[in-house]
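For reference, the structure discussed in these notes is given below.
The values are calculated or read from the model by the stated rules, or taken from the named source; none is laboratory data. Not measured: the values here are computed from a predicted model. Here Cβ is always computed from backbone atoms with ideal geometry, including for glycine, and neighbour counts include all displayed protein chains. We work out accessible area using only protein heavy atoms, side chains counted, and drop any ligands, DNA or RNA first. Shrake-Rupley method; radii C 1.70, N 1.55, O 1.52, S 1.80 Å.
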Amino acid sequence: MKPFLRLLLAWPLSCGPLLPAADPEPQPPQPIHLTLVDDQAIGFATFQSHNQKVVKNQHGIFMTYVQQSNDDYSAQKWRLMRSTDDGRSFTEVMAETRATSAPAIETARDGSIFFARPDFKDGNAYLSRLDAPQDNPTTTTLTGGAAGKYCMLLDQPRGQLYYFAHNGTFHIATLDNQGVETTQPLTHGEIAYLQYPHLTLARDGTLFAAWTTSHRDRYLYRSIHAMKSIDGGQTWQTLAGEPLALPIPADDTGPATRISRDDELDVHSWLSACMAKDGKLHLVYWAKTTPQRQRYVRYDAATGELEADPLDLFPERSMDQPNDSGVLVADRSVPHSTLYFVSTIDDRKRLACVASDDNGLTWREHAVSDRLFDHRVYSIGGARDVTGDGWIIGSFTDTPENAETYYEPDSGDVYFFRFRSADRPAR
């Protein structure tokens, strides 16, 4: 007797007809939990969302932001905050008032916290290591690293940190703060300056750098570019693997791979996030075209081939103003895990997250906040990796419409956010 006929004859009549399994019902979006960290900050407190300013380790959750500033950025008060209750409350670990901005932060496997910031007065940048929250940090100098836009990345397998500044300097520091190497891979181009650098590291050790440029002659974020290094920043290539003779111009007069389109060169184009994951380089940027775009692109990490280019990451939402910031997050310790992008819906007024289960080819809504802010959710950033207990965490500033200047006191509220990933169940 054929197996299917045997099953049919054995099926009890009381069980009803034998039907194929139905597709699972779509799950409702995850809730996003918000914590007000500071209601007396400036409206640009979490500025430079491409910097990682939120991390978690065995000592808790840590975040940085600027609380106070002045009109020439010579006295900006930044804070390092810590939570030991999964982000429900925060206390201050340390604070400084300097000619600087909020540090980018990283955490190593042993729980050490690294934070790096520029000093606009002496022209250098400074990398500090904090072994435990109660310790005093040890600090080393990154000579010539002072620049208003910067980023940092931990390369744990190689035992080093990278600091990339918008003056084109690239610094490689050992984790024990005993050595620093400085190079100059980029220079300003004939048309546009280097601005807002990003770094991301693939599991095979390939290091990617990407950046936005700013027009020399007018206020215009003009183009977006990328390159890669297979030897920890010693040499660089185009995404297609062509060697680059350094330094190269940062704009499209140089040979780096251009990410932005031809029709975006005369409107603001701003790189929000980039991440190397599962053999691909993922990038999201905002372009002020008509209509505005929040564009996601995926490149093959080995060949540099453009493989995916959907324009709408939130296909179920109609938005006149997609956000110019956001963060890509994944559990990259697990191959083929879900990829997330946290940004906003409702014209920048509501935090939301989309997720991709096929490494960026298709996207679905994963989490939505029930809070609708009055004006704008500004400068969204977060930890690049899902926490060990399955949370996606980050920060942003609630910036009111009447904030007239960058440094206006008490003009912004700093928020921490967290929500569950799809990859790891609650513990």
Largest first and to the nearest Å, give the Cα extent of the stretch 83-124 along each principal axis.
-> 38, 23, 11
Stokes-Einstein D for the stretch 86-191, Kirkwood Rh over Cα pairs, 4 °C, 1.567 mPa s (µm²/s) | 89
Please report, to two decimal places, log10 I(q)/I(0) for the stretch 277-427 at q = 0.14 Å⁻¹ as given by the Debye formula with identical point scatterers on the Cα atoms and no solvent.
-> -0.70
Hey, can you find the accessible area per residue of the stretch 150-241 for me, probe 1.4 Å, expressed in square angstrom?
-> 34
What per residue convex hull volume, in Å³, do the alpha-carbon atoms of the stretch 208-356 yield?
-> 115
For residue 207, what is the net charge nearby, where nearby means another residue's Cβ is under 13 Å from its Cβ and Lys, Arg count +1, Asp, Glu -1?
-> 0
Pairs to check: 121/349; 53/121; 228/349; 277/349; 56/121; 288/349. Give those whose C-alpha atoms are more than 26 Å from each other in this structure.
-> 121/349; 228/349; 277/349; 56/121
Using unit Cβ charges (K, R positive; D, E negative) and no other charged atoms, how large, in debye to the nearest 20, is the dipole of the chain about its Cα centre?
-> 880
Given charges at beta-carbon only (K, R positive; D, E negative), |dipole| of the stretch 326-427 in Debye = 460
Local net charge near residue 373, Cβ-Cβ under 13 Å (Lys/Arg +1, Asp/Glu -1) | -2
Dipole magnitude of the stretch 91-162 about its Cα centre, charges +1 at Lys/Arg Cβ and -1 at Asp/Glu Cβ only, in debye to the nearest 20?
-> 240
Taking the mean number of other Cβ atoms within 10 Å as a proxy for protection, how do you rank 234-245, 55-66 from highest to lowest?
-> 55-66, 234-245
Share of the chain's accessible area from carbon and sulfur, percent, 1.4 Å?
-> 49
Answer with a single label: of (i) 177; (ii) 141; (iii) 203, which was calculated as volume of the Cα convex hull per residue in Å³ from the structure in view?
-> (i)
